[in-house]
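Please read the structure below before turning to the comments.
Each value in this text was obtained by applying a stated rule to the coordinates, not by laboratory testing. Keep in mind it's a predicted model, so treat the numbers as computed, not measured. Note that we place each Cβ from the backbone using ideal geometry, even for glycine, and neighbour counts take in every protein chain shown.
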Amino acid sequence: MSKKTFERAAERGLRLIAQVKANQPTLFGDVQRLCDEHEPLDRHETTDTARARHETRHVEIFDASGHFHDTEWASFIAAVIRVHRRRLVRDTTTGLWNLASETSYHVSNATFSAHAAGGAIRAHWGIENRHHYPRDVTMGEDACRVRKNPGVLARIRSFAANIMRANNVANMTDARYRNAIGGLDRLFSYHTK
């Protein structure tokens, strides 16, 4: 996350939410301190249960006006969002439930309700899970050692993923395997419109 991103969003009148991570220690510390020392403006809790997982998310919105006045972020941050996730995941081999919890911090150039902010942050993971994960893991993009024109292979991976999605493929790993052993007949069975 950079100031330039917030500047561009402000120029276009866009509302932006960005995660603050520990690689920006000063901003991260300021955001944590704000959340620890002040009461939230709004709170929202959601619970999801699916695929041997039970997750509870607590979203809190904090007013940031005046808190960053002596920093370079003063004109960009209107609200701070804290999301605490508590997840119980069932281990299918042992049948035991494993507990994991994490807290993430986000900043925004606008004030949202906790419900709206939580929905926007959650929707971002849909993008990650639907687009980036299949390319990174299923198609081995992170392990690829091509250094000359890597964009060509990235486009081919995206093209292949889009064709499989258009044909309602639910499991890309399985589809890649079946495509490899099925030969040209399998590949030509895909519909492209």
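Value of Rg to Rh for region 55-148, rounded to two decimals, is 1.12; Kirkwood radius and Rg both from alpha-carbon coordinates. Each Cα pair under 8 Å and six or more residues apart adds its separation to the average, and for the chain the resulting relative contact order is 17 percent. Counting Cα-Cα pairs of region 3-114 in 10 Å increments starting at 0 gives whole-percent bin shares of 13, 39, 27, 15, 5, 0.
If you take the alpha carbon atoms of the chain and fit the smallest convex hull around them, that volume is 194 Å³ per residue.
Length gained on full extension, ALA50 to TYR133: 28.0 nm, using 0.36 nm per residue less the C-alpha separation. Dipole magnitude for region 100-193: about 420 debye, using +1 per Lys or Arg Cβ and -1 per Asp or Glu Cβ, origin at the Cα centre. Once you reduce region 49-85 and region 98-167 to the center of their Cα atoms, the two points are 20 Å from each other.
Hydrodynamic analysis of region 111-193 uses the Kirkwood radius over alpha carbon pairs. Inserted into Stokes-Einstein at 37 °C and 0.692 mPa s, it gives a translational diffusion coefficient of 222 µm²/s.
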